[in-house]
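J.: Following this message is one structure expressed as structure tokens.
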Amino acid sequence: MTERDAGGDKPDKAAEAVPIEVWGSISDEIRTAEKYFKSSDYEKRVLAQAAIIRASTFGVENPEAGQILSRLFRVREEEDDIPELASLHRANENVRKSLERLSDLTGGIHEVFMDLNPDGYISLINDAITPITGLGADAFLDMNISQIVDPDDAERVTNAFKEAEDGVIKPLDFRINDINGNAKWLQATSNMLRDEGEPCGFVVALRDITLSKEQQIELEEKNAKLAAAVEKLEEVKQELEDKSEHDALTGLYNPGRAKEELEFLRKEGRRMVHYPVSILFIDADNFKDINDGPGGHDAGDAALQDIASLIRCGKSRREDFLARYGGDEFIFILRHTSYQVAQKVVERINNAFMGHRLDRNTPLSVSIGVATATKSKGLYSARSRAEARMYDQKRTKKGEISVDELRPILEE
């Protein structure tokens, strides 16, 4: 009795005795069966037969496995000495029809559907991938999802599947390259497959969004250019505003802006939030001599720039307002500042000028008049008093009047 005869009369029991679970998936079993089907080793042939019976009973997972199974069925005509194939041959037609129905069902769908195992390998994909890539569905079988994704998106896609929460992956956009190397955009939605509660893979639907994505990218580029243009326009606008508010020579606010500041404080005075307001009226000493001297107007401009820089030494708060008021005159407006505190600002400015010279023969100094308004209605009066006291100080320096003759300090 041969080895085959010893076990041939009990093929089903032999098949049942085979530990099929060690083979892996049904597709793996079919591939192994193809190798063992004509083996001279009886045990290997039994393994192959058992795999075919299992595949016929539970169905195949992809077209490639179905094609192998069909080839094995046809062997019956060549190997009549294997009676177990008779029943498998009869099942061939059912398998073929099942594959045809699967092809009919998926062939008319425009979206791409594919099954992935837990490691991301493709076990099933429909023909809707062909119009997108120019490649047949068979070309993608057993490939990892990361292999068909554009390299720039591969890590992101792989991580999305690994980090899927509750088995659901949010819509994910990524690129794949077609047969000509052109990038195509796909949007993937996915759900996790489970076997007895345990994850066993993903079913993924892919939609071609190339046109809408290209339009989106084009719109984003246009928006970015528009945003850059708006930002540049704002910069130009701010530059123009700065020029309209600032004195070109000294960089301080100009007379027009100073008048706006005074008017603002007068109108807002009813709320009493800015008072007392002290005003310093400042004028350069002997400026006419500098301007008419050997250096001419260039020396005068240089002197004004130095004076403006030195007056800034008195500015200690952001809200302190300093402007060139005309010619060699400057105005310093101090909110929330009493007359006594304003005198300290005057002291800081005078200390800054101490010993300062435009050149070796030209000292620089200023005369400063101070007045304080305690209410908004006295603001313009305080400005006038500050200017008058500035002129009094000039006359005192020239010896035209004494200190005792200076105008009295009045607050309104």
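J.: Apply 1/(1 + (r/R0)^6) to the Cβ-Cβ distance of ALA388 and LYS288, taking R0 = 22 Å, and write down the FRET efficiency to the nearest 0.05. Write out the running numbers ahead of the final one.
T.: Working: r = 20 Å, r/R0 = 0.91.
Step by step, r from the Cβ atoms, then E = 0.65.
J.: Set the Förster radius R0 to 35 Å, insert the Cβ-Cβ distance between GLU260 and ARG348 as r into 1/(1 + (r/R0)^6), and round the FRET efficiency to 0.05.
T.: It comes out at approximately 0.85.
J.: If I model a spin label at SER25 and ARG71 as a point 7 Å from the Cα along the Cα→Cβ vector, what separation in nanometres do I get?
T.: 1.9 nm
J.: Dividing the alpha-carbon radius of gyration of the range 211-360 by 2.2 N^0.38 Å (N being the number of residues), what value is obtained? Let's see the in-between values first.
T.: Details: Rg = 22.1 Å, N = 150, 2.2 N^0.38 = 14.8 Å.
Here the Cα radius of gyration is 1.50 times the empirical estimate.
J.: Tabulate in residue order the Karplus-calculated ³J(HN,Hα) for the range 295-302, using 6.51 cos²θ - 1.76 cosθ + 1.60 with θ = phi - 60°, rounded to whole Hz; enter x for Gly and Pro.
T.: Those phi angles translate into x, x, 5, 5, 5, x, 5, 5 Hz.
J.: Would you kindly calculate the mean projected area, averaged across all directions, of the convex hull enclosing the Cα atoms of the range 243-327, in square nanometres?
T.: Details: hull surface 24.9 nm².
Answer in nm², one decimal: 6.2.
J.: Test of the criteria: in the range 110-194, which GluC sites (Glu not before Pro) are in a DSSP loop and have at most 12 other Cβ atoms within 10 angstrom of their Cβ? Please report the intermediate quantities before stating the final value.
T.: Values: sites: GLU111, GLU155, GLU163, GLU165; in loops: GLU111, GLU163.
Sparse-neighbourhood loop GluC sites (Glu not before Pro): GLU163.
J.: Taking one equal scatterer on every alpha-carbon of the range 305-375, how large is log10 of I(q)/I(0) by Debye at q = 0.25 1/Å?
T.: -1.27
J.: Taking θ as phi - 60°, what are the ³J(HN,Hα) couplings along the range 227-238 by the Karplus curve (6.51, -1.76, 1.60), each to the nearest whole Hz, with x for Gly and Pro?
T.: 4, 5, 5, 5, 4, 5, 4, 5, 5, 5, 4, 5
J.: Using R₀ = 30 Å, calculate the FRET efficiency as 1/(1 + (r/R₀)^6) where r is the Cβ-Cβ separation of ASP178 and LYS222; round to 0.05.
T.: Working: r = 26 Å, r/R0 = 0.88.
Efficiency, from the Cβ-Cβ distance: 0.70.
J.: Once phi is turned into ³J(HN,Hα) by the Karplus curve 6.51 cos²θ - 1.76 cosθ + 1.60 with θ = phi - 60°, what whole-Hz value does each residue of the range 328-342 show in order, with x for glycine and proline?
T.: 10, 9, 9, 10, 10, 10, 10, 6, 6, 10, 7, 4, 5, 5, 4
J.: Please list, short to long, the whole-number percent of alpha-carbon pairs of the range 112-208 in consecutive 10 angstrom bins beginning at zero.
T.: Reading upward from the zero bin: 16, 54, 25, 4, 0.
J.: Just want the ordering: ASP138, ASP41, ASP115, from fewest to most Cβ atoms lying within 10 Å of their own Cβ. Numbers along the way, then the final one.
T.: Numbers: ASP138 14, ASP41 10, ASP115 17.
Listing ASP138, ASP41, ASP115 from fewest to most nearby Cβ atoms yields ASP41, ASP138, ASP115.
J.: Enumerate the amide H contacts of GLY326 below 5 Å, restricted to partners 5 or more residues apart or on another chain; note that Pro and chain-start residues carry no placed amide H.
T.: Sorted by chain and number, the residues that satisfy this come to none at all.
J.: Determine the gain in length on full extension of the stretch ILE209-GLU155; use 0.36 nm per residue of separation and subtract their C-alpha separation, reporting nm with one decimal.
T.: Numbers: separation 54, 0.36 × 54 = 19.44 nm, distance 2.03 nm.
Length difference between fully extended and current span is 17.4 nm.
J.: If you filter the range 188-266 for GluC sites (Glu not before Pro), then keep DSSP loop positions with at most 16 other Cβ within 10 Å, what is left? Mind showing how you got there, number by number?
T.: On the way: sites: GLU196, GLU214, GLU218, GLU220, GLU221, GLU231, GLU234, GLU235, GLU239, GLU241, GLU245, GLU260, GLU261, GLU263; in loops: GLU196.
Of the GluC sites (Glu not before Pro), the ones in loops of the range 188-266 whose Cβ has at most 16 other Cβ atoms within 10 Å are GLU196.
J.: GLN187 to ASP298: extension gain in nm, 0.36 nm per residue of separation minus the Cα-Cα distance? Walk me through the numbers before you get to the answer.
T.: Values: separation 111, 0.36 × 111 = 39.96 nm, distance 6.95 nm.
Taking GLN187 through ASP298 to full extension adds about 33.0 nm, to one decimal.
J.: Continuing with the same structure: Multiply the residue gap between ARG317 and LEU135 by 0.36 nm, knock off their C-alpha separation, and tell me the result in nm, one decimal place. Don't jump to the answer; show the numbers that get you there.
T.: On the way: separation 182, 0.36 × 182 = 65.52 nm, distance 7.18 nm.
Length gained between ARG317 and LEU135: 58.3 nm.
J.: Quick check on my link table: of LYS170/LYS222; LYS288/LYS394; LYS259/LYS344; LYS344/LYS398, which ones sit more than 22 Å apart, alpha carbon to alpha carbon?
T.: Working: LYS170/LYS222 28 Å; LYS288/LYS394 14 Å; LYS259/LYS344 25 Å; LYS344/LYS398 24 Å.
From the list (LYS170/LYS222; LYS288/LYS394; LYS259/LYS344; LYS344/LYS398), the Cα-Cα distance tops 22 Å for LYS170/LYS222; LYS259/LYS344; LYS344/LYS398.
Every number in this text was worked out from the coordinates using simple rules, so none of it is lab data. All values reported here derive from a predicted model rather than from experimental measurement. So basically every Cβ, Gly included, is an ideal-geometry build from the backbone, and we count neighbours across all protein chains shown.
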